[in-house]
Structure formats: structure tokens, C-alpha cells
Amino acid sequence: MRIRVLGSAAGGGFPQWNCNCPRCDGLRRGTIRALARTQSSIAVSDNGERWVLFNASPDVLQQIRSFPALQPGRALRDTAIAAIVLIDAQIDHTTGLYMLREHRQPLQLWCTRQVYEDLTRGNPLLKLLEHYCGVNWHELPLGEDFQLPGLEGLRFAALPLLSNAPPYSPRRDQPQPGDNIGITIRNNSGRSLFYAPGLGQMEAHVWAAMQAADCVLVDGTLWTDDEMIRLGVSQKSSRAMGHLPQSGEGGMIEWLDRLPRTTRKVLIHINNTNPILDEDSAERATLAAHGIEVAFDGMEISP
């Protein structure tokens with residue numbers, strides 16, 4: 001199984017275009033040691049020839065250009081993207097579908113019914129695509145294994161997560177199972193990855209999936225619960241936005257510390273305000289001391 005991190009930042013990327021927080025300003029000025037990042041997405045393959053895209057960020061064209069395996073050049077118009085799986089209906093995970101409208105066949109899209117409804121009503125992105133390539137929607141089953149055509153060497157299992165629906169969703173602040181998912185990906189040899197870029201609360205079934213995985217690639221959005229509030233850029237806490245903070249009681253670090261010693265632990269979907277983006281920060285050193293990695297664009301993971 002090959003896993004490529006296409007984008008590792010939260011919505012807005014890093015640096016965010018209109019943000020002058022210490023991290024964004026420091027990267028632009030060259031006063032901190034950090035890497036620019038595009039918005040969260042990964043690509044997974046069983047053989048390196050056909051790939052499933054997890055989320056389609058607004059930066060998807062840049063991400064495809066930076067990863068030639070997604071453009072094999074076998075025909076005049078070609079792609080190695082066999083399917084697209086949406087973790088949720090958030091703008092930073094779906095807007096890239098617009099950028100793929102030149103596809104010659106309908107996009108093979110897998111998502112839950114809740115996500116499909118949000119993308120045909122609150123944000124009717126899929127209806128717009130009917131005027132271009134079109135979309136073949138496949139309902140993502142929750143709690144049972146499934147396979148994707150063209151990727152027979154992999155098996156997938158999606159789990160519902162307690163995390164908020166998008167601001168335009170009628171279920172905003174009243175989440176339902178299927179608004180947000182985590183997913184286990186397993187190859188024929190039994191090696192597995194658990195992927196959850198938006199994880200607001202640890203539930204028993206999610207914790208069981210994390211403990212069973214060889215690698216966890218999970219929510220790294222914010223360092224503290226009040227990070228956005230203290231900076232004056234939001235009135236909502238990390239948990240209220242559907243993201244478990246890394247630090248503090250019951251935070252992500254505490255949970256990751258409880259995983260088996262052999263589990264590889266990687267954070268993704270990192271907000272531009274998060275001090276872990278600064279590679280020389282005390283917060284980054286704390287993660288290293290706990291054996292926790294920070295995903296970056298172009299990172300290759302082999303569970």
C-alpha cells in the first residue's frame with residue numbers, strides 16, 4: 001500500500017492568504033523554519049498505478065502537478081485517479097471537485113448520504129458538475145468493509161465521527177452519523193492505516209480502530225482548545241469546531257500516548273495558527289518527545 005500526503009494543512013492552507021498570525025507572517029518573512037502547506041488531502045494506491053483520492057481540496061491541481069503518478073500520460077486525456085472519497089462536505093475538502101470538471105467520464109465519488117445531501121442542497125456543487133463531466137455517486141457504507149473498483153488490493157471501512165457539519169448544512173451544531181467519517185484502509189497483507197483529519201471527540205469504536213491500525217493519520221488542527229479565541233480570529237473553541245486539540249487534558253497527545261508502541265502516529269489537517277508548524281517551537285519538540293510526527297505535503301507513508 002502506498003500513501004501520499006497531497007496536502008497537510010487545514011482550510012486556507014499555510015500561509016493563509018489573508019493571515020498575519022505569528023506562523024504565517026514568520027513563514028513569509030523567513031523568520032521561522034517551516035514548510036508551506038496546501039489543504040488536506042491524501043492519495044492511496046495498492047500498486048502505484050490506480051489511486052483513490054481522499055478529499056478534493058481547492059489546491060488539487062497544484063497537488064496533482066506535484067505528484068506525477070496521478071498523471072500517467074497513457075492517452076491524450078488521462079488520469080490515474082480511479083475514485084474520490086469524501087470524508088465530509090467541508091469546503092476545504094470538496095471545492096477541488098470543480099477543478100476536475102474536464103474529466104472525460106463522470107467522477108466516481110464515494111461519500112455518505114449526509115455529505116451527498118449537503119453537496120446537492122446547501123452547497124449544490126454536484127448539481128453544477130452535471131453540466132460538465134458529471135458524477136457517479138456511490139453511497140459510502142458505515143461500519144462494514146467495502147472495496148473500490150480498480151483498487152482490489154485494498155479494503156476500506158468507514159466509521160462515523162462526532163464532528164460538526166459545514167456551516168451551510170441544516171445539521172450544523174446538530175451532527176448526525178455520516179456528517180464526518182474516519183476510515184481504515186487495509187491491504188492484502190493486513191497492514192492498515194486509520195485516517196481521520198477531523199476528529200472532535202474520541203468514541204469507543206474510533207478508539208478501537210486506532211488501536212488496531214499500524215499507522216494513524218489524525219486531526220492535528222489546533223494545539224490548544226482556545227487557540228483561535230486567544231488570537232482573536234474566532235469565537236469558537238477547537239472542540240466546538242469539531243477538532244480535538246493536541247494539548248490539555250483529554251487532548252490528542254494523551255490519546256496517542258496510549259496507543260501500542262509500534263503504532264506510527266502522524267498529525268494532518270494543521271491550522272495556520274498552530275505553533276507546531278514552526279519546526280523549532282517548543283510545541284514541535286513536545287510532539288517529537290511523544291513520538292508524534294507532523295505530516296507535510298509530499299510525505300510518503302508505508303504502514
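Numbers at a glance
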quantity	calculated
Qualifying residue in the range 152-162 (condition: at pLDDT 95 or above and touching a Pro at 6+ places or on another chain (Cβ under 6 Å))	yes
Selected residue (criterion: farthest from Asn271 (Cα to Cα)) from residues of the range 236-249 that are free of Cβ contacts under 8 Å to residues at least 40 places away in the same chain and not charged (D, E, K, R)	Gly248
The range 269-303, subset outside any loop (DSSP other than H, G, I, E, B) and among the acidic types (Asp, Glu), residue surrounded by the fewest Cβ atoms within 10 Å (Cβ to Cβ)	Glu300
Pick from the range 95-112, criterion within 16 Å of the chain's Cα centre (by Cα) and of a type in the set (Ser, Thr, Tyr), ranking: farthest from Leu125 (Cα to Cα)	Thr112
Residues being closer than 24 Å to Ile3 by Cα and buried (at least 20 other Cβ atoms within 10 Å of the Cβ) - total across the range 121-146	1
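Quick grid of which residues meet (1) at pLDDT below 95; (2) surrounded by 15 or more Cβ atoms within 10 Å (Cβ to Cβ); (3) not aliphatic (A, V, I, L, M):
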position: Asn18; (1), (2), (3): no, no, yes
position: Asp25; (1), (2), (3): no, no, yes
position: Asn47; (1), (2), (3): yes, no, yes
position: Arg77; (1), (2), (3): yes, no, yes
position: Ile81; (1), (2), (3): no, yes, no
position: Val85; (1), (2), (3): no, yes, no
position: Glu102; (1), (2), (3): yes, no, yes
position: Gln108; (1), (2), (3): no, yes, yes
position: Cys111; (1), (2), (3): no, yes, yes
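The values are calculated or read from the model by the stated rules, or taken from the named source; none is laboratory data. Worth saying up front: this structure is predicted, and the values here are computed from it rather than measured. Backbone-built Cβ (ideal geometry, glycine too); neighbour counts: all protein chains shown.
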